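Colleague: After the structure tokens below, expect a handful of questions from me.
The values are calculated or read from the model by the stated rules, or taken from the named source; none is laboratory data. Nothing here was measured: the structure is a model prediction, and the numbers come from that model. We place every Cβ from the backbone using ideal geometry, glycine too, and count neighbours over all the protein chains shown.
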Amino acid sequence: MRIFVTGATGFVGEAVVRELLAAGHSVLGMARVDAGADALARIGAAVHRGDLLDTESLAAGAKACDGVIHTAFIHDFSKFKENCEIDRHAIEALGSALAGSDRPLVVTSGTGLLSSANIITEEDVPASGPNAIPRVASEEAAASLAARGVNVSVVRLPPSVHGDGDHGFVPLLIGLAREKRVSAYVGEGLNRWPAVHRFDAARVFRLAVEKGVAGARYHGLAEEGVPFRDIASVIGRRLNLPVISKDAAEAADHFGWFTHFAGMDNLASNQRTRELLGWEPKQIGLIADIDRPRYFEG
């Protein structure tokens with residue numbers, strides 16, 4: 001298959017490109033700047049210039065391929081709602097280009113959209129409406145396309161996608177600890193984050209585009225719930241800083257806009273994904289991965 005990959009130069013997207021190429025697919029990777037285009041060419045992918053705001057370019061890339069994996073997202077949390085709506089429009093453009101065919105579109109979402117007193121499963125649907133988390137726009141767009149007969153599925157990623165080159169939530173926590181001179185958690189720190197190594201996540205995307213079912217939701221997570229306090233403890237030990245609890249008011253001061261994520265209990269299952277895709281994670285776990293000097297360089 002020839003697969004169009006958005007976000008092809010990103011932390012997850014690059015791993016997806018490499019996974020697809022290793023499996024014998026050809027890749028058309030979207031690149032916004034020259035450096036990204038050069039990097040894609042070096043690993044054997046064809047290059048499609050464009051970005052998430054250029055819906056015509058997105059549609060052209062989708063039309064030129066046998067399937068699409070959409071990993072791109074603008075990670076600017078100061079404009080989070082606006083960027084979620086940009087993602088909605090991007091998904092709509094990609095899906096419209098594939099309408100009337102059976103060519104698959106795989107969309108990225110996150111388990112952080114959902115909450116449950118029990119374990120979150122692939123069958124759970126995030127809340128919609130004016131008070132919903134803005135990131136629900138991606139799953140809403142996918143559902144709308146599915147209702148029109150587009151072969152669309154969703155891969156939900158956990159709060160931590162880790163590995164060399166990580167610039168997500170764990171590095172953010174490391175930066176906060178350095179700045180505040182403590183590594184903190186909320187309350188008892190027993191709230192749990194699912195996690196996955198980016199190479200394991202990449203395999204979920206490949207399997208979803210190869211044999212995914214229209215309308216399905218997959219959980220690209222290897223560990224169903226890592227206690228947040230364990231993450232904070234590694235950071236504190238590696239930086240030789242105290243590891244302390246923060247109550248609700250103190251947490252807001254320490255974590256700022258990240259407070260919601262720091263206190264989020266997001267226990268999630270991957271059982272259905274394993275069964276449907278025949279996927280088994282193989283890479284190192286989150287705690288062992290971040291307990292390495294490389295995570296603390298710079």
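Colleague: Among what's in region 117-132 and is over 28 Å from E82 (Cβ atoms) and at pLDDT below 90, pick the residue that is surrounded by the fewest Cβ atoms within 10 Å (Cβ to Cβ).
Modeller: So in region 117-132, the residues over 28 Å from E82 (Cβ atoms) come out as 117-119, 121-123.
The next check asks that each one be at pLDDT below 90; those that pass are 117-118.
Numbers: A117: 6, N118: 8.
Once the filter is applied, the top-ranked residue is A117.
Colleague: Same structure, new question: Of the residues that make up region 114-121, is at least one in contact (Cβ under 8 Å) with a residue 12 or more places away in the chain and in contact with a His (Cβ under 6 Å, 6 or more places away or on another chain)?
Modeller: No, region 114-121 has no match at all.
Colleague: Considering region 13-34 alone, what residues qualify as being touching a residue at least 24 places away in the same chain (Cβ under 8 Å) and of a type in the set (A, V, I, L, M)? Steps first, answer last, please.
Modeller: Taking region 13-34 as the starting set, the residues that turn out to be touching a residue at least 24 places away in the same chain (Cβ under 8 Å) are 13-21, 23, 25-30.
Correct list: A15, V16, V17, L20, L21, A23, V27, L28, M30.
Colleague: Now for a separate question. Looking at region 29-87, which of the residues that are buried (at least 22 other Cβ atoms within 10 Å of the Cβ), of a type outside the set (G, A, S) and farther than 19 Å from A142 by Cβ is nearest to the chain's Cα centre (by Cα)?
Modeller: So, considering only residues that are buried (at least 22 other Cβ atoms within 10 Å of the Cβ), of a type outside the set (G, A, S) and farther than 19 Å from A142 by Cβ, the one nearest to the chain's Cα centre (by Cα) is L40.
Colleague: Taking region 248-298 on its own, how many of its residues are closer than 25 Å to A132 by Cα and of a type in the set (D, E)?
Modeller: 2
Colleague: A follow-up question, please. Pick out, from region 213-294, the helices (runs of 4 or more DSSP H) lying fully within it that include 1 or more residues that are surrounded by fewer than 16 Cβ atoms within 10 Å (Cβ to Cβ) and basic (K, R).
Modeller: Of the helices (runs of 4 or more DSSP H) lying wholly inside region 213-294, those with at least 1 residues that are surrounded by fewer than 16 Cβ atoms within 10 Å (Cβ to Cβ) and basic (K, R) span 228-239, 271-277.
Colleague: Moving to a separate point now. Quick one: is L276 of a type in the set (A, V, I, L, M) and outside the structural domain of L173 (by TED's automatic domain parsing)? So that I can check it myself, show each step before the final result.
Modeller: On the way: of a type in the set (A, V, I, L, M): yes; outside the structural domain of L173 (by TED's automatic domain parsing): yes.
The answer is yes for L276.
Colleague: Among the residues of region 84-95, is there at least one that is farther than 22 Å from G163 by Cα and touching a Pro at 6+ places or on another chain (Cβ under 9 Å)?
Modeller: Of region 84-95, the ones farther than 22 Å from G163 by Cα are 84-95.
This time we only want the ones that are touching a Pro at 6+ places or on another chain (Cβ under 9 Å), so: 84-85.
Taking every residue of region 84-95 in turn, at least one turns out to be farther than 22 Å from G163 by Cα and touching a Pro at 6+ places or on another chain (Cβ under 9 Å).
Colleague: Right, something else. Taking region 164-186, which residues are small (G, A, S) and buried (at least 24 other Cβ atoms within 10 Å of the Cβ)? Spell out how you get there, then give the answer.
Modeller: Step one: filter region 164-186 for residues small (G, A, S), giving 165, 168, 175, 177, 183-184.
The answer is S183, A184.
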